[in-house]
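Trainee: Mind looking over this structure? Questions follow.
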Amino acid sequence: PETTEGPVPALRRAADALLTAAGGGRPHPCDAAFGLRVTEILAEAEALLADRE
């Protein structure tokens, strides 16, 4: 999404979320496992689209 904030506020929010998750012992919903699953889904979609060509 487009924003006028720039990258610094987003990085601060990400760092705050990381610190909160580390301090509370509960993982953030968008953790590395989530990122891996999203990547797997995108790779599968890309493969399906390539098969159509």
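Trainee: Just wondering, is there one or more residues in the range 36-44 that are of a type outside the set (A, V, I, L, M), within 12 Å of the chain's Cα centre (by Cα) and open to solvent by 70 Å² or more (accessible area, probe 1.4 Å)?
Mentor: yes
Trainee: If you go through the range 1-30, how many residues are of a type in the set (Asp, Glu) and modelled with pLDDT of 85 or more?
Mentor: 2
Trainee: Continuing with the same structure: How do the pairs read when you match residues in the range 1-29 that are surrounded by 10 or more Cβ atoms within 10 Å (Cβ to Cβ) with residues anywhere that are β-branched (Val, Ile, Thr) and not in a helix (DSSP H, G or I), using Cβ under 9 Å and keeping only pairs 6 or more apart or on different chains?
Mentor: Close Cβ pairs satisfying both conditions: PRO9/THR3; ALA10/THR3.
The values are calculated or read from the model by the stated rules, or taken from the named source; none is laboratory data. Bear in mind the structure is a predicted one, so any value in this text is a computation, not a measurement. Quick reminder, even Gly has a Cβ in these numbers, built from the backbone with ideal geometry, and neighbours come from all protein chains shown. Only protein heavy atoms, including side chains, enter the accessible area calculation; ligands, DNA and RNA are left aside. Shrake-Rupley method; radii C 1.70, N 1.55, O 1.52, S 1.80 Å.
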